[in-house]
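For reference, the structure discussed in these notes is given below.
Bear in mind that the values in this text are calculations on the coordinates, not laboratory data. These figures come from a predicted structure and were not determined experimentally. For neighbour counting, all protein chains shown are included, and Cβ atoms are generated from backbone atoms with ideal geometry for every residue, glycine included.
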Amino acid sequence: MPFLLPTATAVAATNPSSLFSSSPHCQSPSPALRLPPPPPAPPSRQLPRFPAVPFLPFSPRRGMASRAVSSAAAAAADVTHLTQRDAAEIDEQLMGPLGFSVDQLMELAGLSVAAAVAELESLAIPFLAVEDVPEDLSSEFDIVIDAMFGFSFHGTPGPPFDDLIQRLISLSVIGSSEKRPAIVSVDIPSGWHVEEGDVDGGGIRPDMLVSLTAPKLCAKKFTGPHHFLGGRFVPLPILSKYELQLPPYPGTSMCVRIGKAPSVDISSLRENYISPELLENQVMPDPFDQFVRWFDEAVSAGLREPNAMALTTVNKEGKPSSRMVLLKGVDKQGFVWYTNYGSRKAHDLSENHNAALLFYWNEMNRQVRVEGSVQKVPEEESEKYFHSRPRGSQLGAIVSKQSTVIAGREVLQQTYKELEQKYSDGSMIPKPEYWGGYRLTPTLFEFWQGQQSRLHDRYVSCINSFAIQAILWQSSECL
């Protein structure tokens, strides 16, 4: 089980990620940092003694491989690092426009903490009082989250935090992260000076630092392999006032990697798949039906673009090429997608009708390979699908001459605007002659289910004009 180091009692300083109250050691704390003790629990449910350590479910130990979105453009040198004073002022301004007084914010924070603790207890997640935490943290836990002190703390930590910090320091010197829990510090590693870092060189050495709002000056002294920035909530006026240089947050992500990405030994990257067995008596007799079953399960699981598939074509010289396309139809006649008839894949298919598809549903440890011959779909079928697309996609199909060289993106954008204006009256957009669909008629299906120790389940159906032949075996091949 993992070990989550708690935020502290009314005598401890906290950072914005902490659960409980602020410290008398805090100097000019912002409203985001001054949190009250949690309100009394209802009589029917007794809260644990504090400080406490909640145990939360994590996946099995996998080193420090991160699933958060990273941005190569977010180099540490390009990111603003805040002084203690600026960090406190920014927090004051972030809270002020919301219309809450400091006291109201403290009450809301305390209520949120109490509700969260009660919710965890209702899920039978145990809490430990600090005196019950094992002396040796190196063998029982996967991750230690250090969220005891934030940037407003100064001075010497008192009990029980001095002892907890020493235990984390002991973990830091064990060595390989494979032999000890990974340490994740939030905003400021506890015991560090907010601007000067680990002053005496004997403090916590976290494997990961999660900075909030903007990294503090001490983050420049952080040497661990993983540094993330969290909280995309800084408005433009504050960015301008403090001339903050912050990395863009990709998509809807609430965190972004900053600094250099860690070096990785590619040969050591591997997953031990844990999946239900794919047994022969569970596979449907018709491979089309089996594919539809798996596809429907991928859709139900909420996977992003479950219809994405790798299409591999081969030209007359035997040179293969692959690219991702989107499945737009499947039935007993085959698999359908649409593209530009002037593209490289179209040229390959005009010279060699054989092709292969690969569906890979990573979250389900599944893949499906399909091989067969390809023909164009009837013109009326392409016409019908073309006009079912959004008008923007229809215009894009006209503008984009796939696999051709253009002078620049502005050429595409200008042509698109001209067409958009031309059909702004809502009139029907004609399908270009050079755009349409293909259908792959399968001769082979392979259903792959990842299993432990590379003993994957593979089920192959070979289709010919006479029958469907099926073979099931286990293979030590890996992805």
Extension gain from Gln414 to Glu280, taking 0.36 nm per residue of separation minus the Cα-Cα distance:
42.7 nm
Segment Asp296-Val405, length gained on full extension (0.36 nm per residue, minus Cα span)
35.4 nm
Which lysines have a Cα less than 27 Å from the Cα of Lys319, not counting those fewer than 8 places away in the same chain?
Lys328, Lys345, Lys376, Lys401
Between Glu351 and Lys422, what is the label-to-label distance in nm when each label sits 7 Å out along the Cα-to-Cβ direction?
3.2
First select every other residue whose beta carbon is under 10 angstrom from the beta carbon of Val144; then total the charges, Lys and Arg +1, Asp and Glu -1.
-1
Could you order peptides 246-259, 346-359 by the average number of other Cβ atoms within 10 Å of their residues, highest first?
346-359, 246-259
Could you let me know the centre-to-centre spacing of the stretch 237-261 and the stretch 326-367, using Cα atoms, in angstrom?
38
Residue list for the stretch 306-320, given a label point 7 angstrom along the Cα-to-Cβ vector of Ser388 and an amide N cut-off under 19 Å
306-309
FRET efficiency for Asp200 and Ala308 from the Cβ-Cβ distance with R0 = 41 Å, rounded to 0.05, comes out at 0.20
In the neighbourhood of Glu195 defined by beta carbon distances under 10 Å, the net charge of the other residues (Lys, Arg +1; Asp, Glu -1) is +3
Go ahead and run the numbers for FRET between Ile266 and Lys179, Cβ-Cβ distance against an R0 of 25 Å, rounding to 0.05.
0.65
By Cβ neighbour count within 10 Å, fewest first, Trp448, Trp361 rank Trp361, Trp448
